[in-house]
Amino acid sequence: MLKSIFLSILLLFTSLFLHAQKPKTPSSSEIYESIQKLNFLGSVLYIAAHPDDENTRLIAYMSNHEKARTAYLSLTRGDGGQNLIGPEIRELLGVIRTQELLAARRIDGGEQMFTRANDFGYSKHPDETLEIWNKDQVLSDVVLAIRKFKPDVIINRFDHRTPGSTHGHHTSSAMLSVEAFDLANNNTAYSNQLEMASLWQPKRLFFNTGWWFYGSQENFEKADKGNLVSFDVGTYYPLKGMSNNELASLASSQHLCQGFGRLAQRGSENEYIEFLKGEPLSDNKNIFDGIDTSWNRIKGGKAIGDILYEVENNFNFKNPSTHIPQLLEAYKLLDKIEDLHWKTQKTKELKSIIEMCAGLYLEASAETNWATQNEEVNLNIEVLKRSEIPITLVSLKIVNDININKNMSLENNNKYDFKEVIKIKSDAQPTTPYWLTKKGNLGMYQVDDLNLIGLPETPRTHKIDFNVLINNVPLTFTKSIVQRYSKPDKGELYRPFEIIPEASAKITEKVIIFESDKQHDITVVVKAGRNNLEGFAQIAHPKDWSVYPEKQKINIINKGEEQTLIFTVIPSKNQSEGYISPIIHIGDKQYTKELIEIDYEHIPFQTVLLPSESKIVRLDIKKKGENIGYIQGAGDVVPESLQQIGYNVLVIKPQDINAETLSRFDAIVVGIRAYNILDELKFKQQQLFDFVENGGNMIVQYNTNHRLKVDNLAPYDLKLSRDRVTDENAEVRFLNPDHEILNSPNKITQQDFKGWTQERGLYFPNEWSQEFTPILSMNDKGETPKDGSLLVAKHGKGYYIYTGLSFFREFPEGVSGAYRLFANMLSIGKEDLKTKDKLND
């Protein structure tokens, strides 16, 4: 029953917050809560390293209980992690996780900020992290965030005093926060920022501690808590019909690509923060101690507060519009305030409340969700007033600064529809995440515009200004253009309005492996951003490779349609690698980017423009065996990669695993984290072991030791650890150089471990029975050797192999040695490659 109630709440919030573009239709209780927040002039900045690091319980508490303006500064966008819901990794995963963070903030009431730091993967020490990140640049971004947001209180998620005890990114986030706490008020530090942000000194800095930082609950109970402030984050909100920790669970559950969907929590629950620096508290109850969070905080604010506190104390839940005259009076007084920071922030909040109380519904919907330069787009503009307050729609200001006079009084609940046409400017820039427009490096994204640094998304440029008079007071409400449409099985849906190039192209295979000098046909898909697209396509390629034909004609009649072109690639005679990319010629313009669409139900639709290129590899590789069964785990492209080198690969579902099905394969490969997410495998494990005993090979890729679905991961004792080697260039030592897996059918050498990306591997076993033979040894600098990255055990007639090597990262990057080693793993104990296709028996 409780689970169904939680699901109902989750669906409610998902429908309310799924698409940020959908106009708000708030209830009276939501308006009232907005007024409460309007009347609190205090702010909290929470700082950590990644999406999912944030404590949604504390963010929700500060925003909804304390009523403070609360933001989460995530130093990265989580680009280096794994994706449990799809194939996107690296930059595209960062786009998904950005939107998941925004979805979480729409629920817990916080705001979202970032730095330019790139999540390059796991780091064991902040020294490494800050060297790869470029410490000075990330520190400047943290300082800029503080100067822009102007928090009274900063709360760090991690402890700056414990380098090397956790993820290097985590500790680094805290270290940078501690340093930025003082620099933000230093006019010699990053003085170039002072043209757009002023100096600011936060009042105090805290560390969000808990029993896990003490090693155990018992240790925490015994610890001196005299320097700690505690909060009961299980407080109940009658206006919401849920508790703070239920709200926080909903927010945390937005991190679906990380598998964070979870049940709601209810009841009392304490959170603790430790005072680090700044002005000490006179008691340990109020983190805003000594800070005036009333309207008296700002010069001229008392008169505004007198009005707005009256509105809050006597709020009319049945008819909020009765407060419009008071709200407008406060609005006029706020316009005279000298404090630019509070004037800007509180004007934004107050205008939103006036809009809500007046029952205004303002929307500009385009007939399409994307357009190109110089294109004309039809708009449907909807205006609706649902109150008796006198409101005049004076004018609409649309793209290209065109003013359309209306001068019409709005009748209560009478919908007004206007048809307008906008023309996209000839220099309009395509819509894409701003941090991806220039090529960055391993640790940093390149963003030169200070106005963009820190923003979660690229600002929308196509908007409509609704200029109105409310009780003869002029106000302007600005709305981004969206596309509103419906589907029979989904109902009403919204998509953002995007600008795309008139032509884009992609090669369908991102890595193309040539196991011989035999030519290979590649598919290039050209997409038209406008009608009647004509031109031609070419392929840029390395000098020692050839492509035929040299060019092909493009002729696409309708916008949105695609044309498929087939080019033949003739590889180098010798082992070689490089990149190919399509070049689309339209008139005197060239287009070399791919338009990528990201479409998941829990986040708004995203379009991303990235350079269109594919890696080509002429690979000297041999293999044995032929037919591979693949059990998909958390998501990777290993099946497609194995097909690239000539294997027949069939993805099999856990429920289809049986002796007859398994007998068709030479080897079974288990995808990453499959034993963490697939409950059915606990019932199929013995059948897989029997398959090995009967002569098959079984390769299990990395799993975590947390929440394993099976008791016995292998037919022999095997214990996982958190051992990992994060240096992708770490020395690899051959423990058993004569072992078949290093010699047949490919001779593995040190050359095969060059060019690896992000890491060597993760979650290696650290204990195993004598039946296993360790093949490789490796370690990060200053650490003991890790010998569990590749373990092989003979079991009956076949072989069981466990590997924590990061093949799932290396295959998409076309790392030759990873392919050669994996081919040896599949080939162990097999005869030469058969010609008979058992899958077709």
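Laboratory data are not the source of any read-out in this text; all were calculated from the coordinates shown. The structure displayed is predicted, hence computed values, not measured ones. Cβ: placed from backbone, ideal geometry, glycine included. Neighbour counts: every protein chain shown.
Tabulated data
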quantity: The chain, relative contact order in percent, only Cα pairs under 8 angstrom and at least six apart counted; calculated: 9
quantity: Point-to-point label distance, Asn296-Gln750, nm (Cα→Cβ direction, 7 Å offset); calculated: 7.3
quantity: Pairs of Cα atoms farther than 14 Å apart, region 298-356, %; calculated: 53
quantity: Protection-proxy order for peptides 240-251, 372-383, each taking the mean of Cβ atoms within 10 Å per residue, highest first; calculated: 240-251, 372-383
quantity: Footprinting exposure proxy for Met356, Met113, Met408 (fewest neighbouring C-beta atoms within 10 Å first); calculated: Met408, Met356, Met113
quantity: Inter-centroid distance (Cα atoms) of region 229-283 relative to region 348-422, Å; calculated: 38
quantity: The chain, helix-only ellipticity at 222 nm - DSSP H runs n ≥ 4, -39,500 (n - 2.57), divided by all residues, nearest 500; calculated: -7000 deg cm²/dmol
quantity: For region 615-688: relative contact order, % (alpha-carbon pairs under 8 angstrom, 6 or more apart); calculated: 40
quantity: Kyte-Doolittle mean at least 0.5, axial Cα span of 18 Å or more - DSSP H helices of the chain; calculated: 2-17
quantity: Cβ-placed point charges (K, R +1; D, E -1), dipole of region 706-810 about Cα centre in debye, nearest 20; calculated: 240
quantity: Per-residue Cβ neighbour rank within 10 angstrom, fewest leading, Thr115, Thr432; calculated: Thr432, Thr115
quantity: Lys, Arg +1 and Asp, Glu -1 on Cβ, resulting dipole of the chain about Cα centre, debye, nearest 20; calculated: 1020
quantity: Among 305-314, 204-213, the order from most to least packed when residues are scored by Cβ within 10 Å on average; calculated: 204-213, 305-314
quantity: Efficiency of FRET from Cβ geometry, Glu388 and His706, R₀ 35 Å, rounded to 0.05; calculated: 0.05
quantity: Check: region 298-356 dipole with +1 on Lys, Arg Cβ and -1 on Asp, Glu Cβ, in debye; calculated: 100
quantity: Other-chain or far-sequence residues with amide H under 5 Å of Val547's (modelled H); calculated: Ile570
quantity: Under-5 Å amide H pairs with Asn531, H placed in peptide plane, nonlocal only; calculated: Lys559
quantity: Percentage of interatomic Cα-Cα distances in region 195-321 larger than 27 Å; calculated: 47
quantity: Which of Phe114, Phe275, Phe418, Phe772 has the fewest Cβ neighbours within 10 Å, and the rest in rising order; calculated: Phe418, Phe275, Phe772, Phe114
quantity: Projected-area average for the chain over all orientations - Cα convex hull basis, square nanometres; calculated: 38.5
quantity: Gain in span if fully extended, Ser426 to Asn441, counting 0.36 nm per residue against the direct Cα distance; calculated: 2.3 nm
quantity: Relative contact order for region 503-618, counting Cα pairs under 8 Å that sit 6 or more residues apart, in percent; calculated: 35
quantity: Centroid-to-centroid separation of region 493-568 and region 613-667 [C-alpha atoms, Å]; calculated: 27
quantity: Relative packing of 50-62, 697-709, which averages over residues the other C-beta atoms within 10 Å, highest first; calculated: 50-62, 697-709
